[in-house]
Amino acid sequence: MNPTPLPQAFEYLRPFDEWALASVQERMHKRIDSDFDDLKRFYDTFLPNFKDAVSHLNNFSLEEMPDAEKNLFRIAASFIEAAVAVELLGVPDEPSAYPIDKIDVERASIR
């Protein structure tokens, strides 16, 4: 399997390339299915440079974004999912939330 391409300045995110997920559904499932310590490690690694990633991505339109930047965008979107768990919930999933398996998000994806 080929590694997920990333912009050179963001190669430090290589250990988290499994977070380069295209759909909201995939990202929510990844958050919920992850161990909290893994979520926290991902969060702590990306947080200091998240603004730099957003600034970098702002140089590209979604329609013309190179593959490396698309993967960074996907990882950034997954970071937001992880931030929900780390900053708000303190656990990967909200115990009293409506079951994720009964939710189907159709339009929000980064292809």
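Condition (residue is modelled with pLDDT under 70 and small (Gly, Ala, Ser)) applied to region 89-107: is it met by at least one residue?
yes
Mind listing whichever residues of region 46-74 are among the hydrophobic types (A, V, I, L, M, F, W, C) and over 21 Å from Glu18 (Cα atoms)?
Phe60
Which residues, counting only those in region 16-30, are without any contact (Cβ under 8 Å) to a residue 40 or more places away in the chain and in contact with a helix residue (DSSP H, G or I) (Cβ under 8 Å, 6 or more places away or on another chain)?
Of everything in region 16-30, just one residue is without any contact (Cβ under 8 Å) to a residue 40 or more places away in the chain and in contact with a helix residue (DSSP H, G or I) (Cβ under 8 Å, 6 or more places away or on another chain), namely Glu18.
Results for (1) over 13 Å from the mean Cα position of the chain (by Cα); (2) modelled with pLDDT of 95 or more; (3) under 22 Å from Asn58 (Cβ atoms), shown as yes or no for each residue.
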site	(1), (2), (3)
Asn2	yes, no, no
Ala9	yes, yes, yes
Leu13	no, yes, yes
Glu18	no, no, no
Val24	no, no, yes
Met28	no, no, no
Ser34	no, no, no
Asp37	yes, yes, no
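Condition test on Ala76, is it buried (at least 20 other Cβ atoms within 10 Å of the Cβ) and under 14 Å from the mean Cα position of the chain (by Cα)?
Criteria met by Ala76.
The values are calculated or read from the model by the stated rules, or taken from the named source; none is laboratory data. Computed from a predicted model, the values in this text were never measured in an experiment. Don't worry about glycine lacking a Cβ; one is built from the backbone with ideal geometry, like all the others, and counts go over all protein chains shown.
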